[in-house]
1. Could you tell me whether residue 23 is within 22 Å of residue 170 (Cβ to Cβ), assigned to a helix (DSSP H, G or I), assigned by TED's automatic domain parsing to the domain that holds residue 168 and touching a residue at least 40 places away in the same chain (Cβ under 8 Å)?
2. Using the structure shown, decide if residue 34 is modelled with pLDDT of 90 or more, surrounded by 11 or more Cβ atoms within 10 Å (Cβ to Cβ), within 32 Å of the chain's Cα centre (by Cα) and closer than 21 Å to residue 120 by Cβ.
3. Considering (1) in a loop (DSSP other than H, G, I, E, B); (2) more than 25 Å from the chain's Cα centre (by Cα); (3) at pLDDT 85 or above; (4) buried (at least 16 other Cβ atoms within 10 Å of the Cβ), say which one residue 410 fails and leave the rest.
4. Filter the stretch 362-389 for residues that are over 27 Å from the mean Cα position of the chain (by Cα) and in a strand (DSSP E or B); which is farthest from residue 186 (Cα to Cα)?
5. Quick one: count up the residues across the stretch 65-113 that are modelled with pLDDT under 90, assigned to a helix (DSSP H, G or I) and loosely packed, with under 13 Cβ neighbours inside 10 Å.
6. May I ask you to list the residues in the stretch 226-263 that are touching a helix residue (DSSP H, G or I) at 6+ places or on another chain (Cβ under 8 Å), assigned to a helix (DSSP H, G or I) and farther than 24 Å from residue 175 by Cβ?
7. Test each condition in (1) exposed (fewer than 14 other Cβ atoms within 10 Å of the Cβ); (2) assigned to a loop (DSSP other than H, G, I, E, B); (3) out of contact with any helix residue (DSSP H, G or I) (no Cβ under 7 Å at 6 or more places or on another chain) for residue 155 and report the one that comes out false.
8. Going by the structure shown, is residue 141 exposed (fewer than 15 other Cβ atoms within 10 Å of the Cβ) and on the phi > 0 side of the Ramachandran plot?
């Protein structure tokens, strides 16, 4: 929403870590399990009823009656129960509009543990000092959380700048609170920074066309050439993870088929999850810092329109010429290592961060076609697959050129060149819509 005074409302989220006692953690765990059970009960009720009897008022009455009959559902606050109902109906709307699949039951170990706090006025947030704040959680009480960002609370809060709600989320590192913040900010002026092309790779995470490559300093390959799936962990953490995985395999060997997982094995699994979550947090931290630096430095950021899902597919097996009944793996092991490296870099998440950060700072994000950007010479334009001699080296085979350089840097230069000659697929925000909400436009690409 945009006002006449050059101000625009912006909605964003902020996540903070909660400092809970063991008793408070058990209360939130019970609430999360109750919310999941309520979802499953609601889904069973919805699927069993005839279509003519499915409506919001009947579902609300069923939830109220269920909370009276089942003490376990009563552990969930009433407003959180209404949020479950709202989310369930929204999931069906998304399904009917073709944006998502039909909702299904939530499993105990597959689904995330969450509890909604839809009313922001119930939080009563107060900043205690520089590093900690206090928030009120229904049926739990006052809880401390890490204060890492200024929030519109107290005298800073008004009708346009306020916290509209929150969601409690649990991962392997504990419970966190995600605030929903609404702020009224001045519309950004057009960014006057230079243009830059970015090629997302494995050896160089983000290669820039001007040579200012963004690297996290963690090699994606081990000395023996295999993919390093734990590159975001320290050597001590890698050794600990290896010992835990061996310990889990040893403990699992004593479990009979169909037998419930022991507490000792589950504790080992929890320790493995904590290390994995720590690595994921480091990836997100690097991505946020890097994308913020790029959005502040450059006015136009050009990236490829990549089909990441297709790039990470396993190769189809080929028939064995010596034995027609057998199939060859066709380099599936090597492709699996490459797929793992691509997934670890999270290219799609990086582009998503660049999209909203460039729009917020007045810049533009442009997507161009991906074909032949890694095979075209950025000096003469000659295209041949054999020019890319290795994963890192590009050598033009045109006898009149002879350009040699880094393959990712060469691709980044080609990406920027496609934008300059008008081969644009998506531009965010759209040209001519500066000052409005960031949107998308599809432009017809010029003939290649």
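The values are calculated or read from the model by the stated rules, or taken from the named source; none is laboratory data. In this text, all values refer to a predicted model and were calculated from it rather than measured experimentally. All Cβ positions, glycine included, derive from the backbone under ideal geometry; neighbour counts span all protein chains shown.
1. no
2. It is false that residue 34 is modelled with pLDDT of 90 or more, surrounded by 11 or more Cβ atoms within 10 Å (Cβ to Cβ), within 32 Å of the chain's Cα centre (by Cα) and closer than 21 Å to residue 120 by Cβ.
3. Of everything listed in (1) in a loop (DSSP other than H, G, I, E, B); (2) more than 25 Å from the chain's Cα centre (by Cα); (3) at pLDDT 85 or above; (4) buried (at least 16 other Cβ atoms within 10 Å of the Cβ), residue 410 misses just condition (1).
4. 383
5. Residues that pass the stated criteria total 3.
6. Of everything in the stretch 226-263, those that are touching a helix residue (DSSP H, G or I) at 6+ places or on another chain (Cβ under 8 Å), assigned to a helix (DSSP H, G or I) and farther than 24 Å from residue 175 by Cβ turn out to be 245, 247, 248, 251, 252.
7. So the condition that residue 155 fails would be (2).
8. For residue 141, the condition - exposed (fewer than 15 other Cβ atoms within 10 Å of the Cβ) and on the phi > 0 side of the Ramachandran plot - is met.
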